[in-house]
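Report on the structure given below.
The values are calculated or read from the model by the stated rules, or taken from the named source; none is laboratory data. As the structure is a prediction and not an experimental result, all values here were calculated from the model. Reconstructed Cβ throughout: ideal geometry from the backbone, glycine too, with neighbour counts over all protein chains shown.
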Amino acid sequence: MALADERIVAVVNDSVGSAKLKGFQSKFPQRFINVGIAEQNMVGVSAGLANGGKIPYVCGAACFLTARAMEQIKIDLGYSNHNVRLVGISSGMAYGELGPTHQSIEDVGWMRIIPNMTIIVPADAIETEAVMEYSGIHKGPMFLRMSRIPVPDLFEAGMKFELGKAIRLREGSDITLMANGVMVCRALQAAEELQKAGISARVLNMSSVKPIDREAIIDAARNTGGIVTAEEHSIYGGLGGAVAEIVTQTHPAKMRILGVPGVFAPTGSAEFLLEHFGLTAEGIRSAAVELLKSR
Amino acid sequence: MRTRIRSLQMVHRAKLGHPGGDFSSADILTALYGAILHVDPSNPCDPERDRFIMSKGHCSSSLYAALAGAGFLSDADLDTYMAPLSKLNGHPDRNKVAGVEANTGPLGHGLPIGVGCALAAKMSGASWRTYVLVGDGELQEGSNWEAGMCASQYKLDNLVLIIDRNRIQQGDFTENTINMEPMAERWRSFGWDVREVDGNNMHAVVECLRAAPFTPNVPSCILAHTIKGKGVSFMENRPSWHHHVPTDDELQKAIAELERGQR
């Protein structure tokens, strides 16, 4: 992409290695800015680069990128409507044992409230590539939330990303499972298990969190028995919240919102923490069964 | 004089504003728009334009008055300052007002943005320059210093920081709040070349701006010593005039003093 469009530049906060940008740095040294450990400056600089006609990709750990520079994101990007792509790497609980200071389970919630901010949470490497390609033409600020927990490829190579559209990965009518990021493959596994029990689960990839696919949500509420959302994020304010806002105001339906339940995580690897919080195929399956039983 | 009178009229009409800081910056703004900035109201989005960022965005009335003087706004526009749905918000909005480069207001945002602009120019091999005006109280925000380190690291000699050193912030004198001295030394230690000037002497300011970059490969800092409320005897050096709205009587007296001072 950077070869095709010379306006593309990268901005990091000492995160060259973790953002895997060494290649970009050596190939395009003039278009690579490292501000050091200074997130507020990093985001402010990206707004200035955008003012100067560049398309900045700001790459850093999601936890620091969002929290530390929140006002710059709100004002210099959102309010100013600058063409900056915030690439939040190692989001969710990817940093595992490094603990809650390095975990980013609030980022989608925070970003959702900022006007003009587009939020995308891709489910696998292929969708990530499609999202990056789309980001080259999108107008306005974006938050692209990347995880680090390994997931299998779910999509066909060369897929095209469509903003605001949920992808129906599996048909079903008894219940709908909505997920994004690393939870999508787990939702698909849960659907397999539910099928064995005679429950047909629809699975939607909700990578486009803002704008979100209202029609798909209303359709699920109207035509299936309920909605279970699952995300590597707090139960407050993220995908679950976004879906609930629409469901309650259009076609109320029972929901279960799976995520980190309003606590700071204990010590453990990323995979351990997902288990610990029930953010697994089994956790989704059992939430679905429980929801259907409770109706 | 026009900038001061216009901005005070705007604050009076809107019943809200920051006249003290408007007046300390007035000569700097006049210098910039009158003699330095390559900007064109008929081509406000020219990619080759100079960028001026009013980081002390609360002094929007003086910025708008200066923009009017430069042809970006009309006198009628100025009368809508802070009126409902007006494009002239209490803090400047680049999406509503041609000539405004950044949506400043929270303080500490302008210099990082200015660093980004200067970097973009270097990347493009462009000759346009970036100027950022900050308040001295504003420099208590740490983001300014992050940007200061970055500017010298990247040798941004196409960037000029102007500090409106009026020594008064919202609640009190700056030195009673958080001591900012030695201000010049602090910026030198961050790798900037600093020159001090009487910030209320417009010709001295112009001369200083024209001399930038002071040193190749080094960002330039102009430490402009000013008086808050400069130009009106009862406004000068009084913390209350940070955001005091003039009464009808005060407005008339101020205008009279300013006009007398011009003769």
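Some points to look at:
- Filtering region B:195-217 to residues that are touching a helix residue (DSSP H, G or I) at 6+ places or on another chain (Cβ under 7 Å) and crowded, with 19+ Cβ neighbours inside 10 Å leaves B:Val197, B:Gly199, B:Asn200, B:Val205, B:Val206, B:Leu209.
- For B:Lys122, the requirement of being at the interface with chain A (Cβ under 10 Å from one of its Cβ atoms) and either closer than 25 Å to A:Ile73 by Cβ or hydrophobic (A, V, I, L, M, F, W, C) (or both) is met.
- For region B:106-119, filtering for residues that are more than 7 Å from chain A (Cβ to nearest Cβ) and either under 16 Å from A:His82 (Cβ atoms) or outside any loop (DSSP other than H, G, I, E, B) (or both) leaves 3.
- Against the list (1) buried (at least 24 other Cβ atoms within 10 Å of the Cβ); (2) not in a loop (DSSP other than H, G, I, E, B), the condition B:Met123 fails is (1).
- Qualifying positions in region A:64-94 - surrounded by fewer than 24 Cβ atoms within 10 Å (Cβ to Cβ) and over 23 Å from A:Gly136 (Cα atoms): A:Phe64, A:Ala67, A:Arg68, A:Met70, A:Glu71, A:Ala94
- The lone criterion from (1) surrounded by fewer than 23 Cβ atoms within 10 Å (Cβ to Cβ); (2) under 16 Å from the mean Cα position of the chain (by Cα); (3) within 12 Å of chain A (Cβ to nearest Cβ) left unmet by B:Gly34 is number (3).
- Any hit, region B:64-85, residues being buried (at least 19 other Cβ atoms within 10 Å of the Cβ), facing another protein chain (nearest Cβ under 8 Å) and not hydroxyl-bearing (Ser, Thr, Tyr): no
- Only one of the listed residues (B:Glu207, B:Glu146, B:Glu196) is without any contact (Cβ under 8 Å) to a residue 12 or more places away in the chain and either more than 23 Å from B:Ser7 (Cα to Cα) or of a type in the set (Phe, Trp, Tyr) (or both). That residue is B:Glu207.
- Qualifying residue in region B:10-17 (condition: in contact (Cβ under 8 Å) with a residue 12 or more places away in the chain and under 25 Å from B:Pro112 (Cβ atoms)): no
- Condition broken by A:Met132, with the remaining ones in (1) in a loop (DSSP other than H, G, I, E, B); (2) within 14 Å of the chain's Cα centre (by Cα); (3) modelled with pLDDT of 95 or more; (4) surrounded by fewer than 20 Cβ atoms within 10 Å (Cβ to Cβ) satisfied: (1)
- Some residue of region A:150-164 being under 12 Å from the mean Cα position of the chain (by Cα) and of a type in the set (A, V, I, L, M): no
- B:Pro92 falls short on exactly one of the conditions (1) touching a helix residue (DSSP H, G or I) at 6+ places or on another chain (Cβ under 7 Å); (2) within 11 Å of chain A (Cβ to nearest Cβ); (3) surrounded by fewer than 24 Cβ atoms within 10 Å (Cβ to Cβ), and that condition is (3).
- Here the helices (runs of 4 or more DSSP H) wholly within region A:1-114 that include at least 2 residues being more than 9 Å from chain B (Cβ to nearest Cβ) are A:22-27, A:62-67, A:107-112.
- Some residue of region B:42-49 being at pLDDT 95 or above, surrounded by 15 or more Cβ atoms within 10 Å (Cβ to Cβ) and touching a helix residue (DSSP H, G or I) at 6+ places or on another chain (Cβ under 6 Å): no
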